[in-house]
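The values are calculated or read from the model by the stated rules, or taken from the named source; none is laboratory data. Computed from a prediction, not measured in an experiment: that's the story for all the values here. Heads up, the Cβs are rebuilt from the backbone with ideal geometry, glycines too, and the neighbour counts pull from every protein chain shown. What goes into the accessible areas is simple: the full protein's heavy atoms, side chains included, and nothing from ligands, DNA or RNA. Shrake-Rupley method; radii C 1.70, N 1.55, O 1.52, S 1.80 Å.
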Amino acid sequence: MPKSHAHDPERLAGILAKSHEKLASSMHADSPTHHVMAGFTEAYRAWLESMSAKPQTLLDLQGRYMQEQMNLWMQAFQPAGKAEAKPVADKRFSAPEWEELPLFRYYRDSYLLTSKMMMQAVEEADLDAATKRRMRFFMRQYLDAAAPSNYLATNPEAIKAALESGGKTIEEGMRNLLGDMEKGRISMTDEAAFEVGKNIAVTEGAVVYENDLIQLIQYSPLTAKVHDRPLVMVPPCINKYYIMDLQPENSLVRYAIEQGHTVFMVSWRNVKPPLDKLGWDDYVQMGVIAALDEARAITGADKVNALGFCIGGTLLSCALAVLARKKKKPVASLTLMTALLEFSDVGEIRVYIDRNFVEKREKKLAKGGIVPGAELASAFSSLRANDLVWTYVVSNYLKGQQPPAFDLLYWNGDSTNLPGPMYAYYLRNTYQDNKLVVPDALTMCGVPVDLKRVDMPAFVFAAREDHIVPWKGAYESARYLGGPVKFVLGASGHIAGSINSAAKNKRNWWENDRLGPDADKWFAQAREVPGSWWIPWARWLAPQAGPLVPARAKLGRAGSKAIEPAPGRYVKERAEIAK
């Protein structure tokens with residue numbers, strides 16, 4: 001019989017050796033991991049110095065902490081039903097065992113008290129804004145990792161599952177851990193349940209154009225008549241496009257087609273050498289502008305409508321600014337989904353990006369190189385570590401559970417590599433120097449760009465709980481566009497808020513036609529509407545799309561054959577292959 005992976009010492013030794021090599025390589029002087037740890041060390045030192053300079057504050061915090069710890073200890077071992085019940089909203093401790101079993105109740109309450117006091121100690125320190133932001137982030141990272149729910153010996157749910165299964169959950173958990181160590185990432189979903197082109201990214205269409213950087217997909221119509229002007233979608237280049245075409249019931253692509261739009265989709269290449277030398281201008285010209293030109297040529301329309309999601313929206317806006325400077329206006333309307341143009345408020349991702357980090361990355365990537373998609377995915381996951389890291393550590397490893405099949409999380413694990421020069425340019429001119437909103441401060445594709453020249457009607461969507469594109473940053477970005485703007489704020493986060501199916505019509509959204517300088521005031525005066533934001537977007541887009549004409553039966557240019565059926569080759573290239 002074959003050996004169990006959990007009991008195969010040779011395989012285990014090999015996995016541990018590979019993991020050690022990866023860890024060692026991630027800690028070299030130029031690596032993001034090394035930079036992050038150095039940043040934490042500097043912030044931690046400044047925090048200790050500040051608290052040492054305020055002995056009375058430190059003594060007060062310690063005194064309160066010790067008193068509350070004593071109270072917890074006195075309460076912890078009261079007879080059943082005698083202890084003071086304190087509702088805990090934290091979902092890590094939602095199982096009844098955390099309340100019913102005295103020892104674990106104490107673990108929980110002591111941890112929550114310690115977390116509260118440690119975060120208060122950070123807030124009490126006299127630190128500059130950047131250092132306090134970094135210290136606040138790293139302290140929360142440490143506290144999230146230290147939660148008793150993350151460890152077998154202090155998690156009553158995991159202990160109970162192990163006892164009831166006769167230890168099988170521990171064996172399954174070890175098997176899951178070894179499998180993930182081999183992959184180099186935590187499994188968030190059953191990856192075997194999905195296949196691109198088979199049960200996700202299945203909207204019918206064809207690849208009608210390609211170059212070294214993109215494939216352009218044209219989708220088949222679902223209505224007898226379509227709007228004259230097509231809709232070109234530009235997804236983020238750090239992820240695969242099919243976040244907008246997961247399955248029929250939650251596909252933004254299919255929804256737009258059902259509204260009578262001829263939809264084109266940019267599918268970005270998962271780059272590998274020699275494409276590792278491509279720059280920002282290449283993404284603007286070979287990616288966005290090429291797609292806009294081809295969609296117009298195929299349909300014969302005077303103009304197209306264009307939609308950009310996340311960094312796809314940033315690239316699209318840059319392309320439109322380039323075209324406007326060249327006296328070209330091929331786009332009738334612009335839709336931005338959770339996209340930043342103004343980068344003063346980028347949320348907690350700022351802790352990873354400072355001038356020192358940007359300068360080192362520029363130096364390392366100036367002549368080329370690959371930025372692995374997994375590096376970016378890990379950074380974004382760390383911003384919500386409890387939801388995107390520790391939840392799966394507990395379920396996969398401590399409880400030995402298999403992650404369920406979830407299309408969105410499958411997409412989340414299908415990352416895309418970026419070329420170094422493009423990435424370095426993006427970091428420098430947006431996150432670091434915020435030059436995109438300065439008129440003519442940047443030259444792209446040979447011309448100076450100014451977002452005020454992007455003067456077509458715009459629909460800008462942001463998500464209220466977005467940890468990647470904070471909604472106030474998206475709001476401020478909208479104010480730099482040159483045309484009339486409709487700003488809509490949706491509920492939930494970066495992905496769940498954006499991919500909010502009109503068929504299910506869940507959640508809610510806010511609107512207010514007065515786009516003043518104060519985002520908080522805008523929200524206070526906004527009208528809340530239940531349902532999906534896709535519906536008002538479709539109503540807004542229809543008048544921009546031109547008259548209805550007979551649906552285009554042929555995909556691609558007249559007289560030429562489609563390259564291959566959708567979803568195409570580029571989207572199927574995995575990051576593991578393209579490294």
For this session: Take the Cβ-Cβ distance between Glu258 and Ser344 as r, set R0 to 45 Å, and report the resulting FRET efficiency rounded to the nearest 0.05.
Result: 0.70
Problem set entry | Rounded accessible area per residue of segment 367-478, 1.4 Å, Å² | 34
For this session: Taking the Cβ of Glu124 as the centre, find all other residues whose Cβ is under 13 Å away and add up their charges (Lys, Arg: +1; Asp, Glu: -1).
Result: +2
For this session: Counting other Cβ atoms within 10 Å, keep those with at most 15, restrict to DSSP loop, and tell me which trypsin sites (Lys or Arg not before Pro) in segment 351-436 are left.
Result: Lys367, Lys435
Exercise. Which percent, to the nearest 5, of DSSP beta bridges fully inside the chain are antiparallel?
Worked result: 55
For this session: Let me know the charge dipole size of the chain about its Cα centre in debye, to the nearest 20, where only the beta-carbon of Lys, Arg (+1) and Asp, Glu (-1) is charged.
Result: 1320
Exercise. Considering only Gln141, Ala519, Thr57, whose Cα is most displaced toward the positive end of the charge dipole of the chain, charges sitting on Cβ of Lys, Arg (+1) and Asp, Glu (-1)?
Worked result: Ala519
Problem set entry | Total lysine pairs under 20 Å (Cα atoms) in segment 231-358, excluding pairs fewer than 8 apart on one chain | 5
Problem set entry | 222 nm mean residue ellipticity, helices alone, for the chain (DSSP H n ≥ 4; -39,500 (n - 2.57); rounded to 500) | -12000 deg cm²/dmol
For this session: Using Cα centres only, tell me the gap between segment 348-386 and segment 248-274 in whole Å.
Result: 27
Problem set entry | Surrounding net charge for Leu61, when Lys and Arg each add one and Asp and Glu each subtract one, Cβ distance under 10 Å | 0
For this session: Would you mind computing the Rg to Rh ratio of the chain from its alpha-carbon coordinates, Kirkwood style for Rh?
Result: 0.99
For this session: Compute the signed sum of charges (Lys and Arg +1, Asp and Glu -1) over the other residues within less than 15 Å, Cβ to Cβ, of Trp540.
Result: +1
For this session: Write down the accessible area per residue of segment 43-165 in Å², having rolled a 1.4 Å probe over the full set of protein chains.
Result: 57
Seminar exercise, completed: Simple spin-label estimate for Tyr151/Arg569, 7 Å along Cα→Cβ, in nm, reads 5.2
For this session: Mind checking segment 397-480 for chymotrypsin sites (Phe, Trp or Tyr not before Pro) that DSSP puts in a loop (not H, G, I, E or B) and that have at most 16 other Cβ atoms within 10 Å?
Result: Phe406
Exercise. Scanning the chain for helices, which whole DSSP H stretches are 18 Å or more long along the axis (Cα) and average -0.5 or more by Kyte-Doolittle?
Worked result: 9-26, 32-52, 102-124, 311-325
Problem set entry | Nearest-20 debye value, segment 99-145 charge dipole, Cβ charges on Lys, Arg, Asp, Glu | 180
Problem set entry | Sparsely packed trypsin sites (Lys or Arg not before Pro) within segment 183-281, loop by DSSP, other Cβ within 10 Å at most 11 | Lys198
Exercise. With all protein chains present, how much of the accessible area of the chain (probe radius 1.4 Å) comes from carbon and sulfur, to the nearest whole percent?
Worked result: 56
Exercise. Could you give the accessible area per residue of segment 168-283, probe 1.4 Å, as a whole number in Å²?
Worked result: 34
